[in-house]
Amino acid sequence: MRQLNIKSMLISKNPTEVNYESINEILEKVFKHNDFRSDLQRDAITIACKAKNDIFVSLPTGSGKSLIYQLPAMYQNNGVTIVISPLVALINNQITNAQKLGIPCASVNSSMALSQINKIKTELLGKKISTRLLYLTPEMLCSPSFNQYLAAMYKNQQLRMIAIDEAHCVSSWGHEFRPHYLKLGMVRSKYPDIPMIALTATATSKVLEDIISLLHLNDPKKFISSSFRKNLYYDVQFVDELKDSLMINLQEFIEECFGLTSKDDVIDLTKEPDFTDGTMFMRASSYKASEYKNASKLNSKRSNGVAIVYCRTKATCEDIAASLCVKGIEARPYHSSLTPKQRVEIEDMWMKEEILVICATISFGMGIDKPNVRLVVHYNMSQSLANYYQESGRAGRDGKQSYCRLYYANSDQNAISFLLKKDLEEGKSDKKEDKTRQKVARAAYARFERMIEYCRSTDKCRHLTLAQEFSLCEDVELLSRGCKTSCDYCVDPKGLKKRCEKSQGWKTKIGASSNGFSKASKKAKADDEDSFYLSRHDTSYEDLYRGTTERDCDSSGGFQSASSYVQKKPMLDIVKAEFARRKRLK
Ligand SMILES: Nc1ncnc2c1ncn2[C@@H]1O[C@H](COP(=O)(O)OP(=O)(O)OP(=O)(O)O)[C@@H](O)[C@H]1O
């Protein structure tokens, strides 16, 4: 780790005033940034450096929220800023990045050796702590065994600030609800004079209210930015109404986005892929890289950038990737049943733009910071608008024109509805655990209904719907007359209405009778291990968190309910491996 002469940068400070010179110096010398990303970032950092107020931050992904607690942590003459993060893999990633910058930081978590943990714990009991950023899961912070360290830091005036990253986890209205985040309010009550910063990328008004009340934030200064991204064109295609097959629609759309439509290049758009020889029809267990070789003759002429096609099941990832290859578009599947080596190869190829499309389950995308994703397609609908917003938001981070398309099909809706309802039905007992599960299942179902409403909406700008869901008044006001050019509704409202009415969508009620749950839903249940649901069937963020939760939980910590959760170690391993590899790629 590079040693940093922090002392030389610290100009003596009166805590009630803020030294702008010193802040700018730390920004340049420690974080290597010439300027702040935005006025909001600068203002939030300035207030955090004053250390007098609680702060609430809701800025889009990639907008530089981490700096809002990292820089103030370095601005303090001494003492520790505790950072609460939901996932050990994320924590380790943050620590590695911070250490590269020479920032003294540490963590106490289950991935660390006991000797390391003991060393840090000993330091935390001391009168002068050199660690500036201490990353913890909420379970660790709130565990009884950690109490003494927290109390010692406070007593020795070494506890400077508590930052809660991914603060939407506090709220059952947030898309990644974590019951253990609720306990953070108690810590806050115990140390009311320690400023708290809550940060999130997607906070609805409800989530905002929850965060403030459940964390007991004291009249926080709010920094909330517009979530409207004009460069993203949102549309919904109604699968039951499409003239051509879904596959052809997808192929043509990809070709259009990447300028692959020159006549010479087109293979045969009307032909469905021929799977009769069995070579391209692969399942998770039979993926072979060699079978995808030379699939493309279109790549050479394409404009730069890449695409993600999110699919609900592993089998769909395989099928779509294979079909696109047959059509001449370089694509690969990505899901948890591939070997780690295969996943590494495929993601590397995609990052280096050797392949155009990655057909992935939601296991792909976390922590990916690729600016020129031109296209994010949801081949299947998401389980919530929040997930859809987050996943589609991976497009166009460089601010250039990009596209977010969602294919809406009745069969998908029925399949997801079936599984969510099943979760609601199960576990109906008075046990505390079941009650929590029921609450989560009900919230998941409500979120899914919002997703359906979005798909079927024909009377409102897509960006406005997203703004109403995720941001506050300013965006809603800004978009009250629509985005004009960045969604299917604003560009062609009549056409959208016509297509929607023609589709079967209107005939199927949400949560149709069991007859409506066709073979598709049963099949979905069987092979949906990577699917979009935040139910117990899924292997998504919540399961990842649960896995982490269990391992980080203090044995006497009163988190017994966590023990009932299934730990999905293979998935955790994937996440860890991904972060480790991205570090190497940087
Ligand atoms: N002032 C700045 N100038 C240039 N780059 C910056 C600045 N602030 C942050 N960044 C960079 O922006 C990138 C995203 O920052 P960060 O990870 O903090 O975003 P975030 O808002 O927390 O995103 P997410 O919600 O996805 O976690 C990082 O590479 C970071 O170094």
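The values are calculated or read from the model by the stated rules, or taken from the named source; none is laboratory data. Being a predicted model, the structure only gives us computed values, none of them experimental. Positions of Cβ are generated from backbone atoms using ideal geometry, with glycine treated the same way; all protein chains shown enter the neighbour counts. In case anyone asks, the SASA skips ligands and DNA or RNA and just uses the protein heavy atoms, side chains included. Shrake-Rupley method; radii C 1.70, N 1.55, O 1.52, S 1.80 Å.
Summary of computed values
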quantity	calculated
Neighbours by Cβ (under 8 Å, 6+ apart or cross-chain): first from region 33-62, assigned to a loop (DSSP other than H, G, I, E, B); second open to solvent by less than 10 Å² (accessible area, probe 1.4 Å) and polar (S, T, N, Q)	Leu59/Gln41
Condition broken by Pro60, with the remaining ones in (1) buried (at least 24 other Cβ atoms within 10 Å of the Cβ); (2) near the ligand (Cβ under 9 Å from one of its atoms); (3) within 15 Å of the chain's Cα centre (by Cα) satisfied	(1)
Filter pass, Ile103 being of a type in the set (Val, Ile, Thr), touching a residue at least 40 places away in the same chain (Cβ under 8 Å), open to solvent by less than 10 Å² (accessible area, probe 1.4 Å) and away from the ligand (no atom under 11 Å from the Cβ)	yes
Filter result for Asn34 (near the ligand (Cβ under 9 Å from one of its atoms), under 20 Å from the mean Cα position of the chain (by Cα) and surrounded by fewer than 24 Cβ atoms within 10 Å (Cβ to Cβ))	no
Pair list, Cβ under 8 Å, 6 or more apart: region 212-232 residue aliphatic (A, V, I, L, M), other residue open to solvent by 60 Å² or more (accessible area, probe 1.4 Å) and in a strand (DSSP E or B)	Leu232/Tyr403
Unique residue being open to solvent by less than 10 Å² (accessible area, probe 1.4 Å) and either within 29 Å of Val373 (Cβ to Cβ) or within 16 Å of the ligand (Cβ to nearest atom) (or both) when the list is Ile84, Ile95	Ile84
Unmet criterion (only one of (1) basic (Lys, Arg); (2) closer than 19 Å to Thr202 by Cβ; (3) crowded, with 20+ Cβ neighbours inside 10 Å) for Arg450	(3)
